[in-house]
2 protein chains.
Amino acid sequence: MKLIEKTILSTMYVCEINEKNPTDIIKKKCMLPDNQFNDKIKELIEKNMVNEDRITLTEMGRDSLRIVLAGGVFDIIHPGHIHTLNAAKLLGDVLVVVVATDNTAVKMKKRTPIHSQEQRQELVNSLEVVDLCLIGQENDIFKTVNHVKPQIIALGYDQIHQERYITEGCKKIKLNAKVARLQSPMPESSSSKIEKEYGESIHGI
Amino acid sequence: MKLIEKTILSTMYVCEINEKNPTDIIKKKCMLPDNQFNDKIKELIEKNMVNEDRITLTEMGRDSLRIVLAGGVFDIIHPGHIHTLNAAKLLGDVLVVVVATDNTAVKMKKRTPIHSQEQRQELVNSLEVVDLCLIGQENDIFKTVNHVKPQIIALGYDQIHQERYITEGCKKIKLNAKVARLQSPMPESSSSKIEKEYGESIHGI
């Protein structure tokens, strides 16, 4: 598929989850004048990738995209995060990142994050590699997984213990997603290393 | 100017500093097929914005872009950085960020950064709002300023003491740049707040 078609389909996918109209976003992203935009959409409808409403994907359009899901707290961003997210993005076409809610973050890290879930969402959304950042749903991560319907769930090198929990949860919602374990090419840049350098009090950043 | 022209000119500016050929980057960014790309470049040469070499800007092309320069250590990225950089970007068309060298960072923060200058450059380059991130030059920030030739130098709310130093340095290199002082809309997200939350040992993050 051409880059421009991939971009149109990806944007429609992201906008459908975000409940936004994709038209102007696509025109801006692809820098298309109206007539060329209309031709492209017509072409994608003929190929049965886009619905007649011109703004949503058909099942075939949706299946043509490989969606990768990753997650974390992201109270700050360090270079190790960038490497992990870049590696996750390479596994597919669209990278969706879920930030833990404030309550879940406390459970995960035994510390209240400095930044609210909305601030952490904005932080992750500011990364070029991330197509969409969502705030997780409390107590049931599979609600979010079912909403995103990824083909691939990418776990960071320090999230490996969650693998079985995730494969079993996916089975329950009848989602055929692969779990990918990412190696960190920069272990010296993990949060635990930052903790070591800056003292125990930084644990959880 | 149209978005597509702005994008072509901005990319040429960035590539000239980076010593890269902009052709393929522009084609990808603007999703232009070869014939449309050639027409656009021809048009910009006729408008005296692009040189006959098809890859560099004329003085007029360069002057049509408002370049904003910002700087810092950026050992990690927190939401306050994003707000400051977004505000800086709004002042112009191209946002160039200079990260302090490891030696300068030690002088500024009285602490060795966890991440090397190359890692910090990559971190800042991963932000969508940043068009170009450079590593500063030791002992003379005005070498970098003269290289970038910004119309606007944006200082973060905690860098205000540097204003006179910068205006005087610009005079010496005969650069007519305005200094903009950015207010942080999120003072609760500054490094000093992070220090307060996580203990004194985090100072400098």
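Just to verify a result, which residue in region A:104-115, among those that are in contact with an Asp or Glu (Cβ under 6 Å, 6 or more places away or on another chain) and within 18 Å of A:GLU138 (Cβ to Cβ), is surrounded by the fewest Cβ atoms within 10 Å (Cβ to Cβ)?
Residues of region A:104-115 in contact with an Asp or Glu (Cβ under 6 Å, 6 or more places away or on another chain): A:113-115.
Going one step further and asking which of them are within 18 Å of A:GLU138 (Cβ to Cβ), we end up with A:113, A:115.
Numbers: A:PRO113: 23, A:HIS115: 25.
The selected residue is A:PRO113.
Residues that are under 15 Å from A:ILE67 (Cβ atoms) and either part of a strand (DSSP E or B) or open to solvent by 60 Å² or more (accessible area, probe 1.4 Å) (or both) within region A:166-183 comprise A:ASN176, A:LYS178, A:VAL179, A:ALA180, listed in sequence order. Restricting region A:54-97 to residues that are open to solvent by 10 Å² or more (accessible area, probe 1.4 Å), of a type in the set (A, V, I, L, M) and without any contact (Cβ under 8 Å) to a residue 40 or more places away in the chain, the residue that is nearest to the other protein chains (Cβ to nearest Cβ) is A:LEU90.
Among residues of region B:11-33 being in contact with a helix residue (DSSP H, G or I) (Cβ under 6 Å, 6 or more places away or on another chain) and without any contact (Cβ under 8 Å) to a residue 12 or more places away in the chain, the one that is surrounded by the fewest Cβ atoms within 10 Å (Cβ to Cβ) is B:LYS27. Quick test of your reading of the structure: A:GLU128 fulfils all but one of (1) at pLDDT below 85; (2) within 14 Å of chain B (Cβ to nearest Cβ). Name the failing condition by number. It is condition (1) that A:GLU128 fails. If you check A:GLU122, A:GLU118 for being within 14 Å of chain B (Cβ to nearest Cβ), without any contact (Cβ under 8 Å) to a residue 12 or more places away in the chain, on the phi < 0 side of the Ramachandran plot and surrounded by fewer than 20 Cβ atoms within 10 Å (Cβ to Cβ), only one passes: A:GLU122. Name the residue that is nearest to B:VAL129 (Cα to Cα), counting only residues in region B:15-33 that are part of a helix (DSSP H, G or I) and within 14 Å of chain A (Cβ to nearest Cβ). The extreme case among them is B:LYS29.
Screening B:LEU134 on (1) more than 14 Å from chain A (Cβ to nearest Cβ); (2) open to solvent by 40 Å² or more (accessible area, probe 1.4 Å) shows it passes everything except condition (2). Looking across region A:34-53, the residues that are open to solvent by less than 60 Å² (accessible area, probe 1.4 Å) and not in a helix (DSSP H, G or I) come down to A:MET49, A:VAL50, A:ASN51.
The values are calculated or read from the model by the stated rules, or taken from the named source; none is laboratory data. Owing to the predicted nature of the structure, the values given are computational and were not obtained by experimental measurement. Neighbour counts run over all protein chains shown; Cβ positions are idealised from the backbone, glycine included. Note: areas computed on protein heavy atoms with side chains; ligands, DNA, RNA excluded. Shrake-Rupley method; radii C 1.70, N 1.55, O 1.52, S 1.80 Å.
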